[in-house]
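The block underneath contains the structure these notes are about, expressed in structure tokens.
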Amino acid sequence: MEGITSVEINPLTGSALIHFDEHKIKYEQVISFLEKGGYFVLSKAKTSDEVVEKAAEKVLEVAEKIQLKEGLEKLEVFSLSPGQ
């Protein structure tokens, strides 16, 4: 396609990075081409910021579970200590 200078595809993430000359082609044309070919659905697309935010939320959830588990283990050890 005239104006596209390079394409990098990551099959692990299902993502693509498309470099293009905005003087030769508009981003709307690139999106339209990808949608018509069945390669892209704009309504399901996520920005990298959205992906990072979701990953950070998951990390925080796991960290909270680990802290809770460690707190419960300390409580069990304390309650099982002799002479208490």
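A few comments on the model shown:
- With a simple spin-label model that places each label point 7 Å from the Cα along the Cα-to-Cβ direction, the separation between VAL41 and LEU72 comes to 3.7 nm.
- Normalised contact order of the chain, rounded percent, pairs of Cα under 8 Å and 6 or more residues apart: 16 percent
- Taken about its Cα centre, the chain carries a charge dipole of roughly 200 debye when the Cβ of each Lys and Arg holds +1 and the Cβ of each Asp and Glu holds -1.
- Mean Cβ count within 10 Å, highest first, over the residues of peptides 18-27, 38-47: 18-27, 38-47
- Helix axis angle, 48-80 relative to the chain longest principal axis, alpha carbon, degrees: 10 degrees
- Relative to the longest principal axis of the Cα atoms of the chain, helix 27-36 runs at roughly 80 degrees.
- Shown here is the pair-distance distribution of the chain: with all Cα-Cα distances grouped in 10 Å bins from zero up to the longest one, the shares run 13, 28, 19, 12, 11, 9, 6, 2, 0 percent.
Values quoted throughout were computed directly from the atomic coordinates according to the rules given, and no laboratory measurement underlies them. Note that the coordinates shown come from a computational prediction; the quantities given were computed from them, not determined experimentally. Positions of Cβ are backbone-derived with ideal geometry, glycine not excepted, and every protein chain shown enters the neighbour counts.
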